[in-house]
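The values are calculated or read from the model by the stated rules, or taken from the named source; none is laboratory data. Keep in mind that this is a model prediction, so the values were computed, not measured. Here the Cβ positions follow ideal geometry from the backbone for every residue, glycine too, while neighbour counts run over all protein chains shown. The area values use the complete protein model at the heavy-atom level, side chains included, leaving out ligands, DNA and RNA. Shrake-Rupley method; radii C 1.70, N 1.55, O 1.52, S 1.80 Å.
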Amino acid sequence: MTKISTESYKGVRDFYPEDKFVQNYIFKKIRQSVELFGYVEYDASILESAELYKAKSGEEIVNEQTYTFTDRGDREVTLRPEMTPTIARMIAARQKELVFPLRWYSVPNLFRYEKPQRGRLREHWQLNVDLFGVESNEADTEVISIAHKILRDFGATEDMFVVKINNRKIIDALYEHFALTEDERYRTSKLIDKKNKVTQEVYTQALGEIIGEDKATELERILSSNERLLAHLGLDNAAAKEIVDLIELLSQRGVTNVEFSPTLMRGFDYYTGIVFEVFDTHPDNRRSLFGGGRYNDLLDIFGAQKIPAVGFGMGDVSVKDFLETHSLLPAYTHSAQVHICTLTTLQRPSAFSLADTLRADGLNVSVDISGKKVGDQLKLASKQHIPFVIIIGEDEVKSQIYSIKNLDTGEEQKLKAEEIIQLLSKSHA
Ligand code: HAM
């Protein structure tokens, strides 16, 4: 018989308890941070109709990165590679009943057929935070402030990350200036988006091939300096003004690690204005942690009325790398707060009864039924990172006073059940 491999599918993760602990920690913290701003959680199925992504997600994601199959009823089905088309679909479906502005968040798992590498996998979980129904840049300010607050709530300081922002309308104004055709604009945007992945020579040559050498040289010259770019656009240019105002509004909210980055494109076709990404400043972790922007026209694909929208996605893989790199993750602890051991099997009934008393007060308790000697029972608890143990022998059964040991400090106390409850409730608070 051929043996089946125990390895997981390429680019996806198994979550052993220590891994799940980290992921749960991340999810719990992000939910808390986002709900502080009054956002409510929504969800949807992993399966979506393939056509949902064809209209506006962009060629790369649809042609190269989706997991698409035909179901038994001949429908083309895609495992969602992102959540934005789904939220747009859900909002378009109930547009008349929903009350705007609408603040929604979700933590879906997403699937992209990418080359697995540091920070990029084929399945990841992504916090999505989106605000629908506000045209003004106060909405952009709010969602960027939330991204900032999430990292600050994890204990990060502003020097550990940077928020890079751009405005799609700026590049559009340049394309207008150079009189580029639709096709040239599309290809140039895709090329700029990939700029960091190729050498300068390859980039310059490719740009020349798309728009001609003269225009390429001039476009590169303008984009190489923010001052030159802003001077070129002129102070009364609306797109430039949006960026300047946004930086000012963010600074009023205490978000000061912001950089204007005119070559930040974002891969999706649906963005219409401000786009942004958050990067770790540590050189070991160069992938973006958050990516988002304004997408005012996405509801068009459903024939629905336009609703202005802005939001972002934050991936669990890159955030975990960030927290690890900056030593911001807590140490693993078991969900059981105490493990009850017995000298012999005769004390098991007392152990079960004590466990029930403690559980009635909400404490997480495991009882040793391994059949091992008491020394080995203690080792088991210690190996599993359970913080406390109780050992029950004949004397404890009679006196109902138990010896409880803190496995971290070695400290031992003799306590009644009520006192144990007090001690453990405090240590868990
Ligand atoms: P995105 O830039 O494709 O945006 O993804 C957002 C974040 O998800 C990235 O910054 C990264 O942390 C994480 N991420 C993306 N792909 C992977 C992957 N293959 N493996 C691990 N992590 C990944 C979007 O998806 C937009 N729909 C976000 C959005 C929401 N825009 C507006 N609202």
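Among the GluC sites (Glu not before Pro) found in region 1-69, those both in a DSSP coil and sparsely packed, with 15 or fewer other Cβ atoms within 10 Å of their Cβ, are Glu7.
What the phi angles of region 132-137 give under the Karplus curve with 6.51, -1.76 and 1.60, with θ = phi - 60°, is a coupling list of 10, x, 10, 7, 6, 6 Hz, glycine and proline written as x.
For Trp125, the accessible area of its heavy atoms, probed at 1.4 Å with every protein chain present, is near 50 square angstrom.
Between Leu180, Leu380, Leu207, where does the largest GNM mean-square fluctuation fall for the chain, given springs only between Cα atoms within less than 10 Å? Fluctuation is largest for Leu380.
Seen through its C-alpha gyration tensor, with square-root eigenvalues sorted a ≥ b ≥ c, region 158-216 comes out oblate because a/c lies at 1.5 or above while a/b is not bigger than b/c. Ligands, DNA and RNA are left out, and with a 1.4 angstrom probe the accessible area of region 17-325 is 47 Å² per residue.
A helix-only calculation puts the chain at -12000 deg cm²/dmol for mean residue ellipticity at 222 nm, using -39500 (n - 2.57) for each DSSP H run of at least four residues, averaged over all residues.
On the chain, 50 percent of the accessible area sits on carbon and sulfur atoms, based on a 1.4 Å probe.
Cross-linked pairs Lys190/Lys320; Lys56/Lys115; Lys96/Lys190: Cα-Cα separations exceed 26 Å for Lys190/Lys320; Lys96/Lys190. Surface listing: Thr78, Thr409, Thr263, Thr181 arranged by accessible area from highest to lowest gives Thr409, Thr181, Thr263, Thr78, probe 1.4 Å. Using the Cβ-Cβ distance between Lys306 and Ser335 with R0 set to 60 Å, the FRET efficiency works out to roughly 0.80.
Tell me, what is the per residue accessible area of region 338-428 in Å², probe radius 1.4 Å?
59
Within the chain, DSSP assigns beta bridges of which about 80% are antiparallel (rounded to the nearest 5).
How would region 338-428 be classified by its alpha-carbon gyration tensor: rounded, prolate or oblate, with rounded meaning a/c under 1.5 and the a/b versus b/c comparison settling the rest? Verdict is rounded for region 338-428.
Result for the chain in a Gaussian network model with C-alpha springs under 10 Å: among Asn285, Asn167, Asn406, the largest mean-square fluctuation is at Asn406.
Within region 338-428, antiparallel bridges make up roughly 50 percent of the DSSP beta bridges whose residues both belong there.
Rolling a 1.4 Å probe over the protein chains gives Val62 an accessible area of about 30 Å². Compute the Cα gyration tensor for the chain, then decide on rounded, prolate or oblate, letting a ≥ b ≥ c be the square roots of its eigenvalues: rounded whenever a/c is under 1.5, prolate when a/b is larger than b/c in the other cases, and oblate in all that remain. Judged from the Cα gyration tensor, the chain comes out prolate (a/c at least 1.5, a/b above b/c).
Rounded to the nearest 10 degrees, the inclination of helix 238-252 to the longest alpha-carbon principal axis of the chain is 30 degrees.
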